[in-house]
Amino acid sequence: MALDFTVDIMGLYNSKIKADPNYQSPGNYGLAPSLIGTVGVDSATITTPGVYTALPVATASGGGAGFGGAAFTTTMKLLAGSAIAAAGTGYNIGNVLWLAGGNKTSTANVTVASTKVVSATIAAGGTGYGNAQTFAATVVGGTQTTAAQVSVTTNAAGVVTTVNSVSVAGNYTAHPSNPVATTGGTGTGLTLNLQFGVLTFTVSQAGVYTGLPSSPIDVTGGSGSGFQLTGSWAVNSLIVSSPGSYDAVAPTIAFAPAGAAATAVLQTQTAGQKDEQKVLMMVEIMRSMIKESTSPVQIKDMHECMRKMLEVMRFGSPTSFDKDVMATRALDSAMNYIAKNNRHVGTGGL
């Protein structure tokens, strides 16, 4: 029964040799980690982005004894669940507002989806509203789901002279043109000039941030001023800043504060690394056989078997190389030696 090197022997390498510090730099033999088949973290897959108001830190742990070193830079993106800290004034539907501050490679922006009335001034006081009357003037026009209402007060002549407050801010997706007409009260002709602030928005570009802007967040752009956000953020990606060195086991990634989750993806082991592993495995097999031998005769037999096996190697050119033929020749040569020297059997030899 023949052994398959990869299937039957390399498992021993992975369990017994690969993590042995003697084979690793700065171990006794000075081999670089890459020569014993270790690989670094290639990337990280975000499985749960989480919800944050501050930048979380991602750390790697585990991955096998003697391995580690991976480090990450966390990038963030703006969530639609961000809250309005200040509606501002003078904004129009469709205004694109860019977030100010923070460290980023791509700046987040939001688009005004609906507005509300934040202030009103009298354009014309109208007539016939009664002496010292306070009433709610309802705004006419625009496209809205809720019309704005403004509390106003008249003078002795029945003319509106005072705006007390915006009692109902309304919900607009298209503004009426200033000055706006109103209904309500006992008179006619009251018109108002309105200022609109942001009621709702959509995230049109989430951005990529390595340092979050201070909250509340100012914006640039649009037709108004004073709008501010309280940002709600999610993990966008992890950039591998140091790949570390790992066996076949990828490290576990944890976030602080908790909330997000990610999976580390290791680099692919190269063919050269696999070849180095096979050579190291051969060295370790020979070392262990020598260490456990019982007589010089036994070591001589091992030496002669290896010499006979190597003597029949015919490497040829890369295109004529036949590993199966070479393996058969090596086995035949070694077995012929053993058959011709069977006097050693039972005497501490083979």
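The values are calculated or read from the model by the stated rules, or taken from the named source; none is laboratory data. The shown structure was predicted, so the numbers you read here are calculated from the model rather than taken from an experiment. FYI the Cβ positions are ideal-geometry reconstructions off the backbone, even for glycines, and counts take in every protein chain you see.
State yes or no: is Gly130 within 49 Å of the chain's Cα centre (by Cα) and in a loop (DSSP other than H, G, I, E, B)? Answer is no for this residue. So Ile290 ticks every box in (1) of a type in the set (A, V, I, L, M); (2) loosely packed, with under 13 Cβ neighbours inside 10 Å; (3) under 30 Å from Ala58 (Cα atoms) but one. Which box is left unticked? Single failed check for Ile290: (3). Does at least one position in the range 116-127 carry a residue that is surrounded by fewer than 17 Cβ atoms within 10 Å (Cβ to Cβ), under 26 Å from Asn236 (Cβ atoms) and at pLDDT 95 or above? Looking for residues that are surrounded by fewer than 17 Cβ atoms within 10 Å (Cβ to Cβ), under 26 Å from Asn236 (Cβ atoms) and at pLDDT 95 or above, one finds none in the range 116-127, hence no.
Looking only at residues of the range 38-67 that are surrounded by 15 or more Cβ atoms within 10 Å (Cβ to Cβ) and not in a loop (DSSP other than H, G, I, E, B), we find that the one that is modelled with the lowest pLDDT is Val39.
Here the range 173-212 is the region considered, the condition is being of a type in the set (Val, Ile, Thr) and under 47 Å from the mean Cα position of the chain (by Cα), and the residue that is nearest to Leu55 (Cα to Cα) is Thr210.
Can you spot a residue in the range 266-282 that is within 41 Å of the chain's Cα centre (by Cα), part of a strand (DSSP E or B) and under 23 Å from Gln24 (Cα atoms)? So far as the range 266-282 goes, yes, one or more of its residues are within 41 Å of the chain's Cα centre (by Cα), part of a strand (DSSP E or B) and under 23 Å from Gln24 (Cα atoms). Residues of the range 8-37 that are free of Cβ contacts under 8 Å to residues at least 12 places away in the same chain and either among the polar types (S, T, N, Q) or in a helix (DSSP H, G or I) (or both): Asp8, Gly11, Ser15, Asn22, Ser25, Asn28.
Here is a check on your reading of the model: is Ala181 in contact with a Ser or Thr (Cβ under 8 Å, 6 or more places away or on another chain), modelled with pLDDT of 95 or more and assigned by TED's automatic domain parsing to the domain that holds Ile122? So Ala181 passes the test.
Going through (1) assigned by TED's automatic domain parsing to the domain that holds Tyr52; (2) loosely packed, with under 14 Cβ neighbours inside 10 Å one by one, Pro296 falls short only on (1). For the range 335-350, filtered to residues that are modelled with pLDDT of 85 or more and either in contact with a helix residue (DSSP H, G or I) (Cβ under 6 Å, 6 or more places away or on another chain) or not hydrophobic (A, V, I, L, M, F, W, C) (or both), the residue that is farthest from Met289 (Cα to Cα) is Asn336.
On inspection, Ser215 passes the criterion of being modelled with pLDDT of 85 or more and within 34 Å of the chain's Cα centre (by Cα). All of (1) over 17 Å from the mean Cα position of the chain (by Cα); (2) buried (at least 18 other Cβ atoms within 10 Å of the Cβ) hold for Asn236 with one exception: (1). Screening Gly37 on (1) within 30 Å of Tyr172 (Cα to Cα); (2) of a type in the set (Gly, Ala, Ser); (3) touching an Asp or Glu at 6+ places or on another chain (Cβ under 9 Å) shows it passes everything except condition (1).
Those strands (runs of 3 or more DSSP E) of the range 143-197 in which at least 3 residues are among the β-branched types (Val, Ile, Thr), considering only elements entirely within it, cover 143-146, 149-154, 160-168, 180-183.
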